[in-house]
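The values are calculated or read from the model by the stated rules, or taken from the named source; none is laboratory data. Just so we're clear, the structure is a prediction, and the values are computed from it rather than from any experiment. Because the Cβ atoms are built from the backbone with ideal geometry, glycine has one as well, and the counts that use them run over all protein chains shown. The protein model used for the area step is the full one, side chains on, heavy atoms only, and it has no ligands, DNA or RNA in it. Shrake-Rupley method; radii C 1.70, N 1.55, O 1.52, S 1.80 Å.
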Amino acid sequence: MRIAVFAGDGIGPEVTGEAVRVLEKLGLPNLELVEGDVGGAAYRKHGHPLPEATLDIARSADAILFGAVGDFDLDHLERHLRPEQAVLGLRKELGLFANLRPARVFKGLEGLTSLRPEVAQEIDLLIVRELNGDVYFGEKGMRRLEDGRRQGWDMMSYAEDEVRRIAHAGFKAAMTRDKKLCSVDKANVLETSQLWRDVVIEVSKDYPEVELAHMYVDNAAMQLVKNPGQFDVVVTGNLFGDILSDQASMCVGSIGLLASASLAEGSFGLYEPIHGSAPDIAGKGLANPMATILSAAMMLRHSFGLEAEAVRIEEAVAAALADGIKGGDLGGSAGTVEIGDAVLARL
Ligand code: NAD
């Protein structure tokens, strides 16, 4: 289990430090941790946010635990040298095509969501978003029409193999959960979505145990706030997933609790909290490390097949929250190390 730890900027080192303590506490026999520089920290040391040496570490690892990148002092740099390019570069170089974002309301935190507590407490879902295709990566441009008006255009498309592999990722994730998959598209209007739906149905034949449903994206946006308890795993394209995953995040409350995974084909993945480098609280010991600790749990589940250990970590976090251990982002006063200690004590 060779894990690359890329802590990055701001609160990145603080939160990954706590996640590493949790991993070490599990006493896994083959655990090997290798650190690498990314983001603004890497730029200051090596002149690039994703140096070749870091990429080498990434390629030699079985999984990456990623903190956060972002440094407002470097925002004047050319785009390809900005800290955030580290994430985009890793996605591209490592073929990370499936983004997994779980959303769950922990006991005791029902009051922090933007939904009514009785609706929010039902949320326990996972959004699987395609990352490499769709309208973001199609041909695009700005042009002048014959009558002189300016026009912007972006081509939306998916090839069937791109849909097939993300569909497999969705079904596989559903197999580790309640075996329900909802595929979200806009097949009533878009040809891209019609192909998406056809291919998802074809792939479903390989997973007879999983109950498959289809939903139009506009309805999915409504259902996410009306009756989110109906969802187990949601699989969708890049554009719809971008929007729905942020919406689902806010349905459960704080940014300091939200973990994510970006998976490649096979078992390789990059695991990171969804928050950024939080420069406003960096270095003060105030960051909530739970999102990163929960990302480490996802790593054990998806890259190493260690379901029991993943659940142990998730239950330890849930128990700490239920006992009132809350960071500032949750209206509490516990600091980074105190939260890490509380999770370790409950493992
Ligand atoms: P942010 O997520 O860093 O912070 C937003 C707010 O949430 C801040 O008030 C911050 O203090 C708070 N917050 C975030 N994580 C927290 C935690 N674990 N515990 C407690 N409070 C927490 O977003 P931002 O301020 O918009 O961006 C800061 C930098 O991070 C920017 O440079 C941005 O580009 C970058 N960024 C990076 C990633 C990434 O690495 N994947 C993601 C988002 C933003």
Each label sits 7 Å from Cα toward the beta-carbon; between Glu191 and Arg150 the label points are separated, in nm, by 2.9 nm
Most packed first (mean Cβ within 10 Å per residue), the peptides 195-202, 129-136 order as 129-136, 195-202
The distance between the Cα centres of region 272-324 and region 1-76, in whole Å, is 15 Å
Placing each pseudo-label 7 Å from Cα in the direction of the beta carbon, Ala213 and Asp73 end up separated by a distance in nanometres of 5.1 nm
Placing +1 on each Lys and Arg Cβ and -1 on each Asp and Glu Cβ in the chain, then taking the dipole about the Cα centre, the residue among Val20, Leu88, Phe240 whose Cα reaches farthest towards the positive end is Phe240
Pseudo-spin-label distance Leu28 to Asn227, built 7 Å along Cα→Cβ, given in nm, is 3.9 nm
Length-normalised contact order of the chain, Cα under 8 Å, at least 6 apart, in percent, tallies to 22 percent
Rounded to whole Å², per residue accessible area for the chain with a 1.4 Å probe reads 45 Å²
Taking N as the number of residues in region 98-257, the ratio of its alpha carbon radius of gyration to 2.2 N^0.38 Å works out to 1.14
Taking r as the C-beta separation of Ile243 and Lys284 and R0 as 22 Å, the FRET efficiency to the nearest 0.05 is 0.10
For 310-316, 252-258, 338-344, ranked highest to lowest by mean beta-carbon neighbours within 10 Å, the order is 252-258, 338-344, 310-316
For region 98-257, the percent of accessible surface on carbon and sulfur atoms (probe 1.4 angstrom, ligands and nucleic acids excluded) is 51 percent
Computed from the beta carbon distance with a Förster radius of 51 Å, FRET efficiency for Ala345 and Arg164 to the nearest 0.05 stands at 0.70
A student asked for the Cα radius of gyration and Dmax of region 18-174 in angstrom ought to give 20.7, 69
With region 1-60 reduced to its Cα atoms and the Debye formula applied, log10 I(q)/I(0) at q = 0.15, 0.22 1/Å amounts to -0.47, -0.88
A correct Stokes-Einstein calculation for the chain, using the alpha-carbon Kirkwood radius, 10 °C and 1.306 mPa s, returns a whole-number D in µm² s⁻¹ of 76 µm²/s
Length gained, Lys205-Lys180, 0.36 nm per residue minus C-alpha separation, equals 7.6 nm
For region 1-125, averaging the sequence separation of alpha carbon pairs under 8 Å that lie six or more residues apart and dividing by its residue count, the contact order in percent is 27 percent
Over the chain, the sum of -39500 (n - 2.57) across DSSP H runs of at least four, divided by residue number and rounded to 500 deg cm²/dmol, gives at 222 nm -12500 deg cm²/dmol
Beyond 31 Å (Cα-Cα) in this structure, taken from Lys25/Lys107; Lys226/Lys326; Lys45/Lys172; Lys186/Lys326, we find Lys45/Lys172; Lys186/Lys326
Over all viewing directions the Cα convex hull of region 205-347 casts an average projected area in nm² of 10.4 nm²
Taking 292-303, 15-26 and ranking on average Cβ neighbours within 10 Å, highest first, one gets 292-303, 15-26
